[in-house]
Amino acid sequence: MSKLLVFNWKMNPATLEEAISLAKASDQENIVIAPPFVFIEEVAKVLKKARLGAQDVFWENPPAGGGAFTGEVSAQELKNLCVEYVIVGHSERRHKLGETDEIVAKKLKAATDTGLVPILCIGETEEEKNAGKREAVLERQLKTALSDLQLTTNNLQPFVAYEPVWAIGTGNPETPESALATIKFIKELLKNFRISDFGFRVSVLYGGSVNSQNLQDYIKYKEVDGALVGGASLQEEEIKKIIKLI
Ligand code: PEP
């Protein structure tokens with residue numbers, strides 16, 4: 001199966017011009033581009049091969065006509081802009097903005113109920129890693145996130161992104177061997193949750209300081225279904241090298 005790369009632009013770039021330029025540089029098969037909400041509509045117009053993603057979604061999905069949730073964006077609004085994928089539970093939202101496992105679960109449900117393919121981010125902090133709690137944290141995050149999902153039967157293929165918090169944006173990635181072991185662990189957990197009974201086949205990505213130099217070291221493993229790329233997806237030289245690798 002081909003590998004998927006998700007380009008998470010976070011709160012970048014500053015201008016629409018730069019966003020369009022980045023989108024054009026990244027427009028390849030098996031790439032999902034997740035721009036800030038404000039650029040989604042214009043980025044959609046220039047993409048021919050890459051798919052469109054969003055970085056977040058609100059959990060309420062009011063009927064047409066909207067809802068009283070100032071500043072939030074619904075899954076249906078994203079869908080109407082031709083967004084296909086949505087990142088849910090990114091560690092910056094969990095740890096800098098206080099998003100709980102329960103909030104992540106509600107967002108995941110809103111996304112799947114609306115037919116958006118979720119990219120669920122899970123990962124341990126450095127403190128949790130050092131305390132030997134990595135597996136327990138991942139299990140808790142995954143279990144809670146999936147708890148509401150069992151009633152949905154949309155035939156979606158969700159993604160989980162294993163993103164150790166300490167590896168994101170630090171230039172200090174998890175080693176490929178250890179990322180592989182953790183991704184195998186996550187896949188085992190998913191089997192135990194019997195999520196495939198509900199029509200899901202979950203793919204698992206690695207994220208955390210991936211760039212053109214190290215991408216291959218992760219995606220060479222058959223168990224690693226791709227990567228979530230932040231910083232490197234904002235540099236056109238890096239993008240050129242990265243897209244040659246998938
Ligand atoms: C991310 O945005 O989730 C991420 C992994 O960022 P970076 O590649 O910059 O570490």
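What's the total number of residues in segment 197-213 that are surrounded by 15 or more Cβ atoms within 10 Å (Cβ to Cβ), within 13 Å of the ligand (Cβ to nearest atom) and part of a loop (DSSP other than H, G, I, E, B)?
Initially, segment 197-213 is screened for residues surrounded by 15 or more Cβ atoms within 10 Å (Cβ to Cβ), giving 198, 200, 202-212.
With within 13 Å of the ligand (Cβ to nearest atom) added as a condition, the list becomes 205-212.
Among the residues that remain, those that are also part of a loop (DSSP other than H, G, I, E, B) are: 208-212.
Residues flagged as surrounded by 15 or more Cβ atoms within 10 Å (Cβ to Cβ), within 13 Å of the ligand (Cβ to nearest atom) and part of a loop (DSSP other than H, G, I, E, B) within segment 197-213 amount to 5.
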Margin query: For A23, only one of the following conditions fails: (1) hydrophobic (A, V, I, L, M, F, W, C); (2) buried (at least 20 other Cβ atoms within 10 Å of the Cβ); (3) touching a Ser or Thr at 6+ places or on another chain (Cβ under 9 Å). What is its number?
Written below: (3)
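Among the candidates A232, A181, which residue alone is without any contact (Cβ under 8 Å) to a residue 24 or more places away in the chain and buried (at least 20 other Cβ atoms within 10 Å of the Cβ)?
Details: A181 fails: buried (at least 20 other Cβ atoms within 10 Å of the Cβ).
One residue alone meets the criteria, A232.
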Notebook entry, point to check: Which residues, counting only those in segment 182-236, are at pLDDT 95 or above, aliphatic (A, V, I, L, M) and under 16 Å from A161 (Cβ atoms)?
Noted result: I183, I186, V204, L205, V210, L215, I219, V224, A227, L228, V229, A232
Notebook entry, point to check: Does N61 satisfy the criteria of being in contact (Cβ under 8 Å) with a residue 60 or more places away in the chain and either more than 19 Å from the chain's Cα centre (by Cα) or at positive phi (or both)?
Noted result: no
Checklist line | Tabulated pairs, segment 71-88, first surrounded by fewer than 24 Cβ atoms within 10 Å (Cβ to Cβ), second part of a helix (DSSP H, G or I) and not hydroxyl-bearing (S, T, Y), C-beta under 6 angstrom, 6+ apart or interchain | finding: V73/F37; L81/I40; L81/E41; C82/A44
Next item on the list: Considering only residues that are within 15 Å of the ligand (Cβ to nearest atom) and assigned to a loop (DSSP other than H, G, I, E, B), look in segment 226-244 and name the one that is nearest to the chain's Cα centre (by Cα).
Entry: G230
Item checked: Top-ranked residue of segment 111-164 - restricted to ones that are small (G, A, S) and at pLDDT below 95, ranked as farthest from E84 (Cα to Cα) -> S147
Item checked: Residue within segment 81-92 that is modelled with pLDDT of 95 or more, within 16 Å of the ligand (Cβ to nearest atom) and out of contact with any strand residue (DSSP E or B) (no Cβ under 8 Å at 6 or more places or on another chain) present -> yes
Next item on the list: Please find, within segment 157-193, the residue that is nearest to K10 (Cα to Cα) out of those that are away from the ligand (no atom under 16 Å from the Cβ), within 18 Å of the chain's Cα centre (by Cα) and outside any helix (DSSP H, G or I).
Entry: P158
Next item on the list: Being within 28 Å of Q213 (Cβ to Cβ), charged (D, E, K, R) and buried (at least 17 other Cβ atoms within 10 Å of the Cβ) narrows it down to one of E99, E174, E126, so name that one.
Entry: E174
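So that you can scan it fast, the table gives a plain yes or no per residue for (1) more than 16 Å from the ligand (Cβ to nearest atom); (2) loosely packed, with under 12 Cβ neighbours inside 10 Å; (3) more than 28 Å from Y206 (Cβ to Cβ); (4) modelled with pLDDT of 95 or more:
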| residue | (1), (2), (3), (4) |
| --- | --- |
| K3 | no, no, no, yes |
| F7 | no, no, no, yes |
| D27 | yes, no, no, yes |
| V32 | no, no, no, yes |
| P35 | no, no, no, yes |
| K49 | yes, yes, no, yes |
| Q55 | no, no, no, yes |
| N61 | yes, no, yes, no |
| G66 | yes, yes, yes, no |
Note to self: Looking at E72, E139, E126, E99, can you tell me which residue is under 23 Å from L205 (Cα atoms), acidic (D, E) and more than 16 Å from the ligand (Cβ to nearest atom)?
What the structure shows: E139
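The values are calculated or read from the model by the stated rules, or taken from the named source; none is laboratory data. In this text, all values refer to a predicted model and were calculated from it rather than measured experimentally. Backbone-built Cβ (ideal geometry, glycine too); neighbour counts: all protein chains shown.
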